[in-house]
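Working notes for the structure below.
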Amino acid sequence: MSSWATEEQTTSGVVDKAPVVQGNTEFALSLYAQLHSQQGNLFFSPLSLSTALAMTYGGARGQTAEQMATVLHFPAEQQQLPPVFATLSKDLHADSETPGYQLHVANALWGQKGYHFRQDFLSTTKTYYGAGLNEVDFQTAAEETRKTINAWVEQQTKDKIKDLIPLGALNELTRLVLANAIYFKGDWLLPFMKSLTKEEDFKVATDRQVTVPMLHQTGFFKYFDGGNFQALELPYVENKLSMVVFLPKKVDGLAEFEQSLTAQNLMKWLPQLQQHEVVVTLPKFRVTAEFTLNKTLSSMGMPLAFSPHAADFSGMSEEKDLYLSAVIHKAYVDVNEEGTEAAAATGIVTRTMSAGPPPSTFHADHPFVFLIRDNSSGSLLFLGRLVQPQS
């Protein structure tokens, strides 16, 4: 569990976001370490997952809450968390009307009508997460409710995330669904010229390659040579968000790099990115991914939350019969000459029981890791890797 020193909200509304951001980053990279053993591309939204799980954590008690706090790097004092997430969301939305830049985060609850949810839990989710309670009837209209929730997610993500809640995930025992959706579309501060895009080889492995459209430009970017990898920051308009690409120098160096990808190392590497002239080659790519994270989160150390007999979510309801039956996540990213479009959604289902040196070359023609971060707070909005651009 992280050691937290989150300040109380002052009369000026100042909240210390840094420990929350650091904790979210630690969770993001711990989760990445659990998921990277699977084959192929990988992409998810740490911010979406942390936000949805933060709402859920607000209703956890006892050992269930302790396990969640440890795995998610949340404060043991649950009341510290909602004001910080509220501030992060407000700051992210602050400039969402900037031309060439859209960022939208939304939360919502769907609860069984007639079920006795604690008023303080509902008040917290509405006040700090903007998640008002939608009363529904899972007992007689589970499928209709599933379609309603999925339609909300589609709308919030500009139709990029469809069918978040799969058929059969809801039934007459479902009592609450907590959902988060995030959508980002940003133009590059320095766009790639379409006339320079051409078909080239991307080395999927040392002995295998595919032909894909590759973007090209030479310009001044923040860059870092980490020895066995290179790092490049590609800012979006207004420099509010950036994509950071970590490119192993060896074609087959992704697995080795992933072993070193920790929150501690990331915080050490990012400040070393310095302005430099760089010849950039980057593939156009589109990645979609989906996960059910019950087993993953349990193996990371919070099995009680998923136990029908031992979970304690008495902070949600005095009925004391709730447990998590599913944590579902979907994500989408599209990178092209103009910029990036990315979206993700998380559903949590509860049931009752510079000039001078020569230019550097950043030739991303083999697998790499990338992230999209908020430059002001350092929050990781999205994290993934590209192994196969044509997936």
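Give a residue-ordered list of calculated ³J(HN,Hα) values for the stretch 331-340 (Karplus: 6.51 cos²θ - 1.76 cosθ + 1.60, θ = phi - 60°; whole Hz; x for Gly, Pro).
Per-residue couplings from phi come out as 8, 8, 8, 9, 10, 9, 4, 7, x, 9 Hz.
Calculate one ³J(HN,Hα) per residue across the stretch 189-202 by plugging θ = phi - 60° into the Karplus curve 6.51 cos²θ - 1.76 cosθ + 1.60, and present them in order as whole Hz with x for glycine and proline.
4, 10, x, 8, 6, 4, 5, 8, 6, 8, 6, 9, 7, 10
Whole angstrom only: what separates the Cα centroid of the stretch 274-302 from the Cα centroid of the stretch 128-144?
Result: 31 Å between the Cα centres.
Quote the convex hull volume per residue of the chain, based on C-alpha atoms, as a whole number of Å³.
139
Using mean Cβ contacts within 10 Å as the protection proxy, how do 272-283, 378-389 order, highest first? Write down the numbers at each step before the final one.
On the way: 272-283: 17.4, 378-389: 21.7.
Those peptides, ordered most packed to least, come out 378-389, 272-283.
In Å, the Kirkwood hydrodynamic radius of the stretch 225-310 over pairs of distinct alpha carbons? Display every interim value, and only then the final one.
Numbers: mean 1/r = 0.0610 Å⁻¹.
Here the Kirkwood hydrodynamic radius works out to 16.4 Å.
Under 5 Å between amide hydrogens, which residues at least 5 positions from ARG175 or on another chain qualify, with H placed 1.01 Å from N in the peptide plane?
THR350, ARG351, THR352
Multiply the residue gap between THR127 and ASP252 by 0.36 nm, knock off their C-alpha separation, and tell me the result in nm, one decimal place. Provide the component values of the computation, followed by the final result.
Numbers: separation 125, 0.36 × 125 = 45.00 nm, distance 4.80 nm.
Gain on extension, THR127 to ASP252, equals 40.2 nm.
Which value, in debye to the nearest 20, describes the size of the charge dipole of the stretch 108-234 about its Cα centre when Lys and Arg Cβ atoms bear +1, Asp and Glu Cβ atoms bear -1, and nothing else is charged?
Values: 15 positive and 16 negative charges, 42 e Å.
Once rounded to the nearest 20, the dipole reads 200 debye.
Take GLU199 and GLN38, extend 7 Å from each Cα along the Cα→Cβ direction, and tell me the distance between the two endpoints in nm.
3.1
Just rank LEU232, LEU270, LEU190, fewest to most, by other beta-carbon atoms within 10 angstrom.
Details: LEU232 24, LEU270 17, LEU190 14.
The most exposed by this proxy come first: LEU190, LEU270, LEU232.
Using modelled backbone amide H atoms (1.01 Å from N, in-plane), which distant-in-sequence or interchain residues come within less than 5 Å of PHE285's amide H?
Under 5 Å from the amide H of PHE285 lie the amide H atoms of VAL335, each far enough along the sequence or on another chain.
Give me the one-decimal nm value for the distance between modelled label points at GLU135 and GLN119, 7 Å along each residue's Cα-to-Cβ direction.
Result for the modelled spin labels: 1.5 nm.
Would you list THR352, THR174, THR206 from fewest to most Cβ contacts within 10 Å?
THR206, THR352, THR174
For the stretch 45-179, report the translational diffusion coefficient in µm²/s to the nearest whole number, using Stokes-Einstein at 37 °C, 0.692 mPa s, and a Kirkwood Rh over Cα pairs. Please report the intermediate quantities before stating the final value.
Working: Rh = 16.1 Å.
For the chosen part, D equals 204 µm²/s.
In what order do GLU233, GLU256 fall by count of nearby beta-carbon atoms within 10 Å, going from fewest to most? Before the final figure, lay out each step's value.
Working: GLU233 20, GLU256 12.
Ascending Cβ contact count within 10 Å gives the list GLU256, GLU233.
Mind listing the long-range amide H neighbours of PHE382? Cut-off is under 5 Å, sequence gap 5 or more, other chains count too, H placed in the peptide plane at 1.01 Å from N.
ILE372
Rounded to the nearest 20 Debye, what is the dipole magnitude of the chain about its Cα centre when Lys and Arg each give +1 and Asp and Glu each give -1 at the C-beta? Mind showing how you got there, number by number?
On the way: 30 positive and 41 negative charges, 68 e Å.
With only Lys, Arg, Asp and Glu charged at Cβ, the dipole is about 320 debye.
Can you figure out the FRET efficiency of THR206 with LEU167, using R₀ = 56 Å and their beta-carbon distance, to the nearest 0.05?
Working: r = 41 Å, r/R0 = 0.73.
For THR206 and LEU167, the calculated efficiency is 0.85.
Grab the beta carbon distance between ASP225 and ASP159, set R0 = 25 Å, and tell me the FRET efficiency rounded to 0.05.
0.05
Read the figures in this text as sums done on the coordinates, not as results from a lab. Source: prediction; values computed, not measured. Note that each Cβ is placed from the backbone with ideal geometry, even for glycine, and that neighbours are counted across all protein chains shown.
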